[in-house]
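Where a number appears in this text, it was derived from the coordinates with a stated rule and is not lab data. Here the structure is a predicted model, which means the values were calculated and not measured. We place every Cβ from the backbone using ideal geometry, glycine too, and count neighbours over all the protein chains shown.
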Number of protein chains: 2
Amino acid sequence: MTTTLQDCRALDAQDPLAPLRAHFTLPPGVIYLDGNSLGVAPKATAARVADVVTREWGTDLIQSWNTASWFDLPQRLGNQLAPLIGAGQNEVVCTDSTSINLYKVLSAALNIAREDSPARRRIVSERSNFPTDLYIAEGLCKERGLELLLVEPDDISAALTSDVAVLMLTHVNYRTGAMHDMAAITAAAHAQGILCVWDLAHSAGAVPVDLNGADADFSIGCGYKYLNGGPGAPAFAWVHPRHATRPDLKFMQPLSGWWGHAAPFAFTPDYQPAPGIMRYLCGTQPIISLSALQCGLDVFTAAEALGGMAALRTKSLALTDLFITLVEERCAGHGLGLATPREHARRGSQVCLTREYGPHAPPLRGSLPPEGAVTALGRPVAGDSGAYAIVQALIARGVIGDFRKGDGGNGPHKDILRFGFTPLYIGFEDVWNAVEHLRQVLDTAEWQRPEFNRQHAVT
Amino acid sequence: MTTTLQDCRALDAQDPLAPLRAHFTLPPGVIYLDGNSLGVAPKATAARVADVVTREWGTDLIQSWNTASWFDLPQRLGNQLAPLIGAGQNEVVCTDSTSINLYKVLSAALNIAREDSPARRRIVSERSNFPTDLYIAEGLCKERGLELLLVEPDDISAALTSDVAVLMLTHVNYRTGAMHDMAAITAAAHAQGILCVWDLAHSAGAVPVDLNGADADFSIGCGYKYLNGGPGAPAFAWVHPRHATRPDLKFMQPLSGWWGHAAPFAFTPDYQPAPGIMRYLCGTQPIISLSALQCGLDVFTAAEALGGMAALRTKSLALTDLFITLVEERCAGHGLGLATPREHARRGSQVCLTREYGPHAPPLRGSLPPEGAVTALGRPVAGDSGAYAIVQALIARGVIGDFRKGDGGNGPHKDILRFGFTPLYIGFEDVWNAVEHLRQVLDTAEWQRPEFNRQHAVT
């Protein structure tokens, strides 16, 4: 028996987390399945930001360093975030960007390895890790004469050899939504004397994370995806307490700016790192953007009374299960594949569909616009996966997901249609409606219209 | 003949820049002489920030990367800032913090030196440079086995020897307001084959700067002081075009994040730097705070029609001249000294007064509060400079400057009372009133009251 719209409505009616949707400003007519890229604005944010601009800055000016506790803000937000990722109090700071925080913690891990086990000269990561993570690691390896070994997910265990200093992984893959077993992989790495750096960009606020429970070493993550902190919201960094203070490594964290100093207002000419996680701060933080992040975290604090991350995870899996089921029931025959694991333990909070490009691309349907009829627009051509155009057609209908090009690797050539499900504000009827739009876009060949196709779309 | 209040009012009446004050939200009853620490909020900022939160983020969501041109924002703001610092178009980006930008450009300078003149193993800077600059340099020297040589201002020339890779200076000193001759020092450094990194934290928007005219190599600066970008506003980085693109130095700038990639949306696993200044970008920027910075820059754009930086400089010198004159005329006999150069060519846009601590501290006056009468508050004691308490007493009267402790060096022990003059929103009557408050605080020994004194104020 197939799933019906009524079934979805029934699920919404029983959803204990449904009230959380009222915390967000969802634009009318939009089904937003891109919270994994940029989260939705909490309703409280506009007023909070206005207060920072007009009162904290405008009226109180420099005195807000004290009266509004600006100096404590990175750690205060870190403490609010900590329960979502299994971190303790005073173990997390919200600051800078994920790329910069990764530079800090990866440098720190390498500095510890250089001190404690100098023969280890390799970083291992996944070839499909988020590119900026790889760029940062590549630069550090080049500077230090180390090797960056990129492997496929199935080859990680075999790569954990005695010459490896650091294993650097993203917990939930940005392209496929596949989730690693953090505890098991960390244990395997530790058994080989390897430090683990975990990127939680697609995990924090999306799935329960237990950094201390997994005995991770370092972690960073993003403030503007599932945490709904606003565009480019400051990111976060966590360091296991056993590594946070290493008196023998004064520059364990190389971005040794004033905010991470032990006595930041003493203006001494020599650097002395603050104790614990505070040394992972560097320069002056963007207070307006940082304050906005708090409103995103406040929603998770409100969610605590409704079951917190465990309840959010239950709903997230139900939403992604439903999406997969509906796509398979209602969009069959259109060449869609599934990149995201069906197994719950291996799935994040997104579903990635695929269409092949190249010789096995799904056939075009119906009548095509005449070749060359339009110059600024495109035309679907044989060999194109159509994934880009399908996503564009969905966006035009108000269903916002995104497109990721096939990675050009040696496997099957598959482009990705990516749909993120944020259980804070997405409901089951949204899932029904999203799949219904997808079905119509495919059944009517709507995506083949020129306005949805780029020129030279075969890549 | 001494200066009068009427003289000051006459200067305001003739001030062509007076209309600019209307661009700012000055709190009533406040004379804000701390724009060198945190600039005042432009009136336009609240609406701009609200629009970013509610429309760009709240309504347009992920599409604002295109429709609001978020990706171009760091360079767009850099282009708007460029004329203030003598930079060309597409030579500046607004991004990250000053500390992080310094790490980028100082690393780049060291990487160039390592490639082009590997025997140069030293960075020269001033001992009284802003501490965070020294912390960053100290960390880089430690990592690379280089030497950081800190000298007094008069000893800079002698320190420019053939083993020096980089001279790193702050153009206007944060403690004294003394300004370096950027062109002369850069020429002297270049004559010795030394690269120059200039920190413009207390210069950009405060004094005319001509980076290209001075043939500087690298520069960074602050968005939240004289540029009025908001608390912790993103900073900026400039690189001379001759250094911006070095194909042989892929990781010239070591914070190799996605935003500085040549093809940031291609998601390739290997890093390829963007051409020119764009490679100095790293991770995702805090769009709300970055957008607020634009409102600060817009005031300088409006000032162009009134004479721009040249006119602002003329007014700034008139304001600081007036402040020095009035303090000397009206506050004599209170042990105040002057740390800021009288010579215009060597003065930034601030005036730093001094009081000695230790055996030559100015005597206390009148009756003192009984010792031990209050526990949470303090009591002025012999040997204390009184500078901290005087600043606190002024703040209580609405005159906001700040206190900087003596640097504990070998010279005379002088604490600093620091007053910044932002010609965009400070007028000549403000200067009169500020000095009148200072006179009253000193003449009546008001600063000796317990509420203005810390316990154990002798340091």
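Numbers below:
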read-out	value
Loop-located trypsin sites (Lys or Arg not before Pro) in segment A:105-157 whose Cβ has at most 14 other Cβ within 10 Å (DSSP)	A:Arg127
Karplus 3J(HN,Hα) series, Hz, for segment A:225-239 with 6.51 cos²θ - 1.76 cosθ + 1.60 (x for Gly, Pro)	9, 6, 8, 6, x, x, x, x, 3, x, 8, 9, 9, 10, 9
With at most 12 neighbouring Cβ atoms within 10 Å, loop GluC sites (Glu not before Pro) (DSSP) excluded, longest segment of chain B	B:1-342
Antiparallel bridges, percent of DSSP beta bridges restricted to chain B (to nearest 5)	55 percent
Net charge, A:Ala187 excluded, C-beta distance under 14 Å - Lys, Arg +1, Asp, Glu -1	-4
Likely footprinting exposure, A:Met1, B:Met179, fewest C-beta neighbours within 10 Å first	A:Met1, B:Met179
Distant alpha-carbon pairs in segment B:204-263 (separation over 20 angstrom), percent	42 percent
Calculated label separations, A:Ala310, copies of the chain, 7 Å along the beta-carbon direction, nm	7.2
Fraction of the pair-distance distribution of segment A:272-417 above 24 Å, Cα-Cα pairs, percent	55 percent
Ranking of B:Arg365, B:Arg48 by count of other Cβ atoms within 10 Å, fewest first	B:Arg365, B:Arg48
Counting all C-alpha pairs of chain A, share separated by more than 32 Å (%)	44 percent
DSSP beta bridge pairing in segment B:69-300, given as percent antiparallel to the nearest 5	35 percent
Surface/4 of the Cα convex hull for the protein assembly as shown, nm²	39.9 nm²
Translational diffusion coefficient (Stokes-Einstein; Kirkwood radius from C-alpha pairs) of segment A:381-445 at 10 °C, 1.306 mPa s, in µm²/s	122 µm²/s
Debye intensity ratio in log₁₀ form over the Cα atoms of segment B:69-300, taken at each q of 0.07, 0.11 Å⁻¹	-0.20, -0.50
Exam field: A:His344 pseudo-label spacings to other copies (7 Å along Cα-Cβ), nanometres	7.7
Of B:Lys142/B:Lys225; A:Lys104/B:Lys142; A:Lys104/A:Lys414; A:Lys250/B:Lys250; A:Lys225/A:Lys315; A:Lys142/B:Lys104, pairs whose Cα-Cα distance is over 26 Å	B:Lys142/B:Lys225; A:Lys104/A:Lys414; A:Lys250/B:Lys250
12 Å beta-carbon shell around A:Leu5, net charge (K/R +1, D/E -1)	-3
Test item: B:257-266 mean partner chain Cβ contacts at 10 Å	4
Ranking of B:Thr25, A:Thr59, B:Thr95, B:Thr67 by count of other Cβ atoms within 10 Å, fewest first	B:Thr67, A:Thr59, B:Thr25, B:Thr95
Pseudo-label separations to other copies for B:Leu368 - Cα-to-Cβ vector, 7 Å, nm	9.3
Nonlocal amide H pairs with A:Gly86, under 5 Å, H built at 1.01 Å	A:Val209, A:Leu211
Length added when fully stretched, A:Arg55-A:Ala302, from 0.36 nm per residue minus Cα-Cα	86.4 nm
Sum of side-chain charges, B:Val441 neighbourhood, beta-carbon under 11 Å (Lys, Arg +1; Asp, Glu -1)	0
Cα centroid separation - segment B:183-212 against segment A:243-299, whole Å	29 Å
Where the Cα pairs of segment B:64-138 fall when distances are cut into 10 Å bins, in %	16, 33, 34, 13, 3
